[in-house]
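Quick note: the coordinates plus some simple rules give every number you see, no bench work behind them. Keep in mind it's a predicted model, so treat the numbers as computed, not measured. Cβ: placed from backbone, ideal geometry, glycine included. Neighbour counts: every protein chain shown.
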Amino acid sequence: MNHFQYKNGQLYCEDIPVKDIAKEIGTPFYLYSKATLTRHFKAFDSSFADVDHLTCFAVKSCSNIAVLSLFGSLGGGADIVSGGELFRALKAGVKPERIIYSGVGKTEEELRYGLQSGILLFNVESEQELYRLNTVAGDMGKKAPVAFRVNPDVDPKTHAYISTGLSKNKFGVPINEALALYLLAEKMEGIDVKGVSCHIGSQLTRISPFVETLKKIKAFVHHLAEKGIFIQYIDLGGGVGIVYDDEEPPHPEEYAEAIKKEMGNLSVTLIFEPGRVIVGNAGIMVTEVQYTKTNRGGEKEKHFVVVDAGMNDLTRPSLYGAYHGIRPITEDRKMYQVVDIVGPICETGDFLAKDMNFPRVEQGDLLAVLSAGAYGFTMASNYNSRPRVAEVMVAGDRFEVIRRRETMEQLIQGEIIPDFLEK
């Protein structure tokens, strides 16, 4: 359930008409519902209430510090993949002992930052990273808490770009090579082996890949125990999908029951990294129709709706061919036509939807791009020198701009014209 509903023909976010927000702050903008964010976090987290666990929100999916602060206040942690995300999480008030650090390319500076901050775990993804972390920790007089990200070679049945658990993917350590790394790590003075981590992909709509992964991880954990290595944490990653169109992903309770059943009596703390399943349907992007046009030069007429949001604002349709539902803010349109909904970017690949059967709209109408809370703003860019859009959060009958729209001056912040170019 989400809190974006039509009332008397107008789209509301909780108790506020979306058009009222657009009138005050302009378009485009991302809009999040605090009630939906809270509901979705609690639905996931409470499904594991009867086992030791930690829900670490995947910061990469929606990194605004207001969102991170909300989840931190609900007892959540953070799954980070960069020093910048660590900075955000700490600024948002997330406790460092609830932060886990994933990612294949951590720099020496980032490792040092994580150690200084006192985070819960580093999810190490290669032998060279292990050696680097051991050196950094030794220089600092610390022991780095470590889990290895084990690649179980499980097909998640999702888009190739967001599949992470196959042997051909760049992530993690192959499961058949991981034992040697654990034995190596046990001998290192700067390393404290704490857990096993895995993550097989994003937008999964079936439970079976998760269960298959856990079976392999359990067997590996028992193998570690036989070698005298006893772990405290199993990080099962994230990846539970949401409904964009006609998908039928598992409910968090269904997912949780399957995981708990497979865990049996294994005595560890489970860590989860949900992102999309919490924020995806808790946010929309609002955009305004600039023009409608019809091209008649081909075999058949082609209709376009040109809006003020482009592929730089919402990358997923262009990058993945991803589907997002799109609706007019005012629900009174009777006539439909097949259109491409496109943005202002100077690229043919700049579209939000292709061949969509859509209500006839006019210049100045507002549209809502649905299911845009995950990997929306976080993947935005300044391509075509376009300022990044505003982010807004609604709570009941109030709203707050939680990220101001960028200005033209901010576009060139940090740039200089060097002396040798001056005439």
Can you list the residues, at least 5 places off or on another chain, whose amide H is less than 5 Å from the amide H of residue 353, using H built in the peptide plane? 341
Sort out for me the Cα centre separation of segment 364-411 from segment 239-285, rounded to whole Å. 26
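Efficiency by 1/(1 + (r/R0)^6): what FRET value for residue 401 and residue 320, r their Cβ-Cβ distance, R0 = 30 Å, to the nearest 0.05? Before the final figure, lay out the partial values.
Values: r = 29 Å, r/R0 = 0.95.
FRET efficiency, residue 401 to residue 320: 0.55.
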For residue 331 and residue 74 in the same chain, what is the full-extension length gain: residue separation times 0.36 nm, less their Cα-Cα distance, in nm? 89.0 nm
Give me the number: length gained by fully extending residue 408 to residue 294, i.e. 0.36 nm times residue separation minus the C-alpha to C-alpha distance, one decimal in nm. 37.8 nm
Expressed in Å to one decimal, the Kirkwood Rh of segment 32-152 from all distinct alpha-carbon pairs is 14.9
Under 5 Å between amide H atoms, partner at least 5 residues away or on a different chain: which partners does residue 338 have, H built in plane at 1.01 Å? 358
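I need the semi-axes of the equivalent ellipsoid of the chain: take the C-alpha gyration tensor, multiply each eigenvalue by 5, square-root it, list largest first in whole angstrom.
Equivalent ellipsoid semi-axes, largest first: 41, 25, 21 Å.
With an 8 Å cut-off on Cα pairs and a minimum separation of 6 or more residues, tell me the relative contact order of the chain in percent. Please report the intermediate quantities before stating the final value.
Details: 910 pairs, mean separation 79.1, N = 423.
Relative contact order of the chain: 19 percent.
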Give the long-range amide H neighbours of residue 144: residues separated by 5 or more places, or on another chain, with amide H under 5 Å away, using H modelled in the peptide plane at 1.01 Å from N. 191, 192
Karplus-derived HN-Hα couplings along segment 32-37 (A = 6.51, B = -1.76, C = 1.60, θ = phi - 60°), whole Hz, x at Gly and Pro: 10, 9, 4, 4, 6, 4
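With contacts defined as alpha carbon pairs under 8 Å and 6 or more residues apart, what's the relative contact order of segment 34-277 in percent?
Answer for segment 34-277 is 20 percent.
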Which order, highest average first, do 184-195, 295-306, 89-100, 26-37 follow once you tally other Cβ atoms within 10 Å for each residue and take the mean per peptide? 26-37, 89-100, 184-195, 295-306
By a straight-distance test (C-alpha under 21 Å), which lysines pair with residue 142 as possible cross-link partners, with residues fewer than eight away in the same chain excluded? 95, 106, 187, 194
Gyration tensor verdict on segment 34-277 (Cα atoms; rounded if a/c is under 1.5, prolate if a/b is larger than b/c, oblate otherwise): oblate
Global form of segment 1-81, assessed from the alpha-carbon gyration tensor, a/c cut-off 1.5: oblate
With the Cα gyration tensor of segment 311-390 giving a ≥ b ≥ c as the square roots of its eigenvalues, does the rule (a/c under 1.5 for rounded; else a/b larger than b/c for prolate; else oblate) give rounded, prolate or oblate? prolate
Using the Karplus curve 6.51 cos²θ - 1.76 cosθ + 1.60 with θ = phi - 60°, what ³J(HN,Hα) values do you get for each residue of segment 302-313, in whole Hz, with x for Gly and Pro? 10, 9, 10, 10, 9, 10, 8, 10, x, 5, 6, 8
Tally Lys and Arg at +1 and Asp and Glu at -1 over the other residues with C-beta under 10 Å from the C-beta of residue 237: what net charge comes out? -2
Counting only DSSP beta bridges fully inside the chain, the antiparallel percentage to nearest 5 is 50
In the structure shown, do any of 215/261; 293/334; 218/261; 143/218 have a Cα-Cα gap over 22 Å, and if so which? 143/218
